[in-house]
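> Have a look at this one.
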Amino acid sequence: MKLNYKRTFFIGLAFLSISAFWQMYDNIIPLIMKNTFGLGETVTGILMAMDNVLALFLLPVFGALSDKVDTKLGKRTPFIVTGTVLAVIFMMLLPFADRKQSLVLFVAALFATLLSMGLYRSPAVALMPDLTPNRLRSRANAVINLMGAVGGVYARIMIKLLVGEGDRPDYMPLFVSIAALMAIAVGVLVITIRENRLRAELKVLEEAEAAETVNASEATETAETVNAPENAEKSQEVTAKAVKKKLPPEVVRSMAFMLLSIAFWFMAYNAVTTAFSRYTQEVWKMDGGGFADCLMVATIAAIISYIPIGNISARIGRKKTIMGGVLMMAACYGAAIFVNQYHPLINIAFALIGVGWAAINVNSYPMIVAMSQGGDIGKYTGTYYTFSMAAQVVTPILSGYLLENVSYRTLFPYAFVFAILSFCTMTQVRHGDVKPQKKASVLENFDVDD
């Protein structure tokens, strides 16, 4: 069975729309809070952290709800459609509130928009594994990640083209462009993806493959049963014990330092991505949406670097690749401290930041999985996301407090310090460092696993 790339492309349209929204959200909402409503950096940081706080509660809830429902449109599609429609409606109130300078309307619309996005984020991610055979999900996930990257690049291009100069440009055209993309993308998904029919077809195919596998191995299994009739029972007992097995103390120690590393590098990276648009105005005196160039360069560099990073990881291991990426990011953050105005060379630094971030993303979650072998993988996967999301809740508030009460110039020192902290904690990680196997195809290098 081969991956249906056309179908996967249409499934990925939901993730494309989500990524486009969040790129706009991270870059534009802080500017509106600061320039239109005059909110301090601490309050802005609290409001910007609200999406991550809501995500901690909403994503598991709506993900579980979508597992249980059964409609004519399927399990996930109703959530995707409803969430997109509501998000498009409420997000269009944001630039209207900006025009009217109504803080109450803005905060209410922002909260409603974030609730709407939380409604369909988990179902949208779950749609791909629902409709893709297990052994093809790695390749399909690569397609989904590429679709997300396209959505992010689109948003940054629109920011550059549609955000005018001055402290209070009209953001309505930008919001319209993102809302239109979201509506069109999900509309095409609904037209092309018949969830119930495709799920039924996949079930038939998987049952047929399972039957073939059973028939092919029947003779061997029969011989083994005759020679050792208790093998199956013993195998089940061993499996059960393996699942319940606790991690050794030395592995727990490595896990703890790995999770601290995850929190630290998310605190560094998220601080910059959240505050960068304001930083460029205050420190580099940039107007309009020109700041999006740097972020777009970082995204494109990350996409291009996935394949070489995969090859490097296969040669030197995941830990060294991560540490190299962290050092690369730290060096760029450190250099940015001394930059007083925008220069085209800054794009090179952001390209290196993108490469470093890709090196981290490709290898960090697989290291958690490798360490949790013999234990509860699901439990430690949840812990991974808890640490990454918690960091993204804390860092906008903490960095925002420093921006407001000390100086805007604390942004890159802040990112540098936490990047260095993540490097230090990574040196204490002694387990989970394996050399991944070479990818079966070029596309699989884009599967970042997390």
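> Hey, could you check segment 45-69 for residues that are of a type in the set (V, I, T) and assigned to a helix (DSSP H, G or I) and say which is nearest to I32 (Cα to Cα)? First the steps, then the outcome.
We begin by selecting, within segment 45-69, every residue of a type in the set (V, I, T); these are 46, 53, 61, 69.
Keeping just the survivors that are assigned to a helix (DSSP H, G or I) gives 46, 53, 61.
Values: I46: 14, V53: 21, V61: 30 Å.
Within segment 45-69, the match that is nearest to I32 (Cα to Cα) is I46.
> Can N35 be described as farther than 23 Å from L295 by Cβ and over 18 Å from the mean Cα position of the chain (by Cα)?
On the way: farther than 23 Å from L295 by Cβ: no; over 18 Å from the mean Cα position of the chain (by Cα): yes.
The answer is no for N35.
> Out of curiosity, is G324 assigned to a loop (DSSP other than H, G, I, E, B), not assigned by TED's automatic domain parsing to the domain that holds G164 and not basic (K, R)? Step through it out loud before you land on a result.
Numbers: assigned to a loop (DSSP other than H, G, I, E, B): no; not assigned by TED's automatic domain parsing to the domain that holds G164: yes; not basic (K, R): yes.
No.
> For segment 179-204, enumerate the residues that are touching a helix residue (DSSP H, G or I) at 6+ places or on another chain (Cβ under 8 Å) and in a loop (DSSP other than H, G, I, E, B).
Answer for segment 179-204, where residues must be touching a helix residue (DSSP H, G or I) at 6+ places or on another chain (Cβ under 8 Å) and in a loop (DSSP other than H, G, I, E, B): just I193.
> I'd like to know if segment 166-182 contains one or more residues that are over 22 Å from the mean Cα position of the chain (by Cα), at pLDDT below 90 and buried (at least 19 other Cβ atoms within 10 Å of the Cβ).
Within segment 166-182 (the criterion being over 22 Å from the mean Cα position of the chain (by Cα), at pLDDT below 90 and buried (at least 19 other Cβ atoms within 10 Å of the Cβ)), the answer is yes, since at least one residue qualifies.
> OK, next. Any chance you could count how many residues in segment 75-134 are in contact (Cβ under 8 Å) with a residue 60 or more places away in the chain and part of a loop (DSSP other than H, G, I, E, B)?
Total meeting the criteria: 7.
> May I ask you to list the residues in segment 156-178 that are assigned to a helix (DSSP H, G or I) and out of contact with any Leu (no Cβ under 8 Å at 6 or more places or on another chain)? Give the steps one after another, and end with the answer.
Restricting attention to segment 156-178, the residues satisfying the condition of being assigned to a helix (DSSP H, G or I) are 156-162, 172-178.
If the condition is that a residue be assigned to a helix (DSSP H, G or I) and out of contact with any Leu (no Cβ under 8 Å at 6 or more places or on another chain), then I157, K160, L161, M172, V176, I178 are the ones that fit.
> While we're here: Which residue, of A216, A142, A211, is within 19 Å of K6 (Cβ to Cβ) and at pLDDT below 80?
Details: A216 fails: within 19 Å of K6 (Cβ to Cβ); A211 fails: within 19 Å of K6 (Cβ to Cβ).
Exactly one residue qualifies, and that residue is A142.
> Tell me which of these W284 doesn't satisfy, since it passes every other one: (1) touching a Phe, Trp or Tyr at 6+ places or on another chain (Cβ under 7 Å); (2) under 27 Å from P169 (Cα atoms); (3) assigned to a helix (DSSP H, G or I).
Of everything listed in (1) touching a Phe, Trp or Tyr at 6+ places or on another chain (Cβ under 7 Å); (2) under 27 Å from P169 (Cα atoms); (3) assigned to a helix (DSSP H, G or I), W284 misses just condition (3).
> Here's something else I'd like to know. Residue by residue through segment 245-289, note down the ones that are polar (S, T, N, Q), in contact with an Asp or Glu (Cβ under 7 Å, 6 or more places away or on another chain) and either without any contact (Cβ under 8 Å) to a residue 12 or more places away in the chain or surrounded by fewer than 24 Cβ atoms within 10 Å (Cβ to Cβ) (or both).
We begin by selecting, within segment 245-289, every residue polar (S, T, N, Q); these are 254, 261, 270, 273-274, 277, 280-281.
Add one more test, that the residue is in contact with an Asp or Glu (Cβ under 7 Å, 6 or more places away or on another chain), and what stays is 273-274.
T273 - this is the single residue of segment 245-289 that is polar (S, T, N, Q), in contact with an Asp or Glu (Cβ under 7 Å, 6 or more places away or on another chain) and either without any contact (Cβ under 8 Å) to a residue 12 or more places away in the chain or surrounded by fewer than 24 Cβ atoms within 10 Å (Cβ to Cβ) (or both).
> If you don't mind, another one. Does segment 328-377 hold any residues that are under 22 Å from V283 (Cβ atoms) and assigned to a loop (DSSP other than H, G, I, E, B), and which are they?
Answer for segment 328-377, where residues must be under 22 Å from V283 (Cβ atoms) and assigned to a loop (DSSP other than H, G, I, E, B): I337, F338, V339, N340, Q341, Y342, H343, P344, L345.
The values are calculated or read from the model by the stated rules, or taken from the named source; none is laboratory data. Quick caveat: nothing in here was measured; it's all calculated off a predicted structure. Methodologically, a virtual Cβ is constructed for each residue, glycine included, from the backbone with ideal geometry; neighbour enumeration extends over all protein chains shown.
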